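Participant: Next up is a structure, given as structure tokens.
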Amino acid sequence: LLIQMDGFKNNNEIFVILATNRIDLLDKALLRPGRIDKKIFIDNPDKDTRREILNINLMNKPIDINIKLDYLVDLTSGFSCAQIENLINEAMLYVLYQNRELITIEDIDIIYNKILTGYQDKKVLYSDKMIERIIIHEIGHATSGLFCKHNSEFSKIRINLNSPKSPG
């Protein structure tokens with residue numbers, strides 16, 4: 001790429017557009033002035049954009065009337081567009097796999113949890129003492145978050161004993 005870019009010196013009509021989510025891994029020579037020196041950061045969608053993305057992805061999907069769009073908008077905070085789409089599609093597949101017709105909030109929560117913590121083939125068995133420690137640890141996060149000035153809101157504390165690396 002660098003060798004090919006050296007041939008652009010006499011031509012002002014060529015624009016090279018690149019996209020990456022890991023700019024830190026790019027060769028520093030690419031980022032020198034005169035090469036790729038303009039960076040435009042595109043963040044994950046805001047609340048209004050997530051609402052629109054959800055509206056598009058929920059279109060023509062059979063969802064339970066108890067699922068509130070506001071809940072889904074808040075639930076997907078920090079998600080990329082692709083993650084939001086994946087959440088809805090995986091929930092639909094989960095429902096179809098169980099020979100049901102409607103996506104429920106429980107289905108969304110199960111898939112959301114799996115997206116955050118990963119899929120686990122086998123049950124991870126924790127002792128009662130370890131489960132108690134996990135619960136206390138997660139309550140500690142929530143409690144300290146309540147006293148932080150700029151803490152984002154949370155709606156639930158989740159314990160996922162099927163996750164090998166992050167059960168809380």
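Participant: At negative phi, surrounded by fewer than 11 Cβ atoms within 10 Å (Cβ to Cβ) and among the basic types (K, R): does that describe K39?
Facilitator: yes
Participant: Sort out which residues of the range 107-137 are surrounded by 12 or more Cβ atoms within 10 Å (Cβ to Cβ), of a type in the set (K, R) and modelled with pLDDT under 85, and write them in order of number.
Facilitator: Within the range 107-137, K114 is the sole residue that qualifies.
Participant: Go through the range 138-157 and give me each residue that's more than 21 Å from D109 (Cα to Cα) and modelled with pLDDT of 75 or more.
Facilitator: G140, T143, S144, G145, L146, F147, C148, K149, H150 - these are the residues of the range 138-157 that are more than 21 Å from D109 (Cα to Cα) and modelled with pLDDT of 75 or more.
Participant: All but one of (1) touching a Ser or Thr at 6+ places or on another chain (Cβ under 9 Å); (2) surrounded by fewer than 16 Cβ atoms within 10 Å (Cβ to Cβ); (3) not small (G, A, S); (4) not in a helix (DSSP H, G or I) hold for I67; state the number of the condition that does not hold.
Facilitator: Status for I67: all satisfied but (2).
Participant: Would you please list the contacts, defined by Cβ atoms under 7 Å and residues six or more apart or on different chains, that run from a residue in the range 78-100 that is assigned to a helix (DSSP H, G or I) to a residue that is open to solvent by less than 60 Å² (accessible area, probe 1.4 Å) and hydroxyl-bearing (S, T, Y)?
Facilitator: I84/T76; L87/T76; L87/Y112
The values are calculated or read from the model by the stated rules, or taken from the named source; none is laboratory data. What you see is a predicted model; the values in this text were computed from it and never measured. As a convention, Cβ positions derive from the backbone with ideal geometry for all residues, glycine included, and neighbour counts pool all protein chains shown. The accessibility values were calculated without ligands, DNA or RNA, using every heavy atom of the protein model including side chains. Shrake-Rupley method; radii C 1.70, N 1.55, O 1.52, S 1.80 Å.
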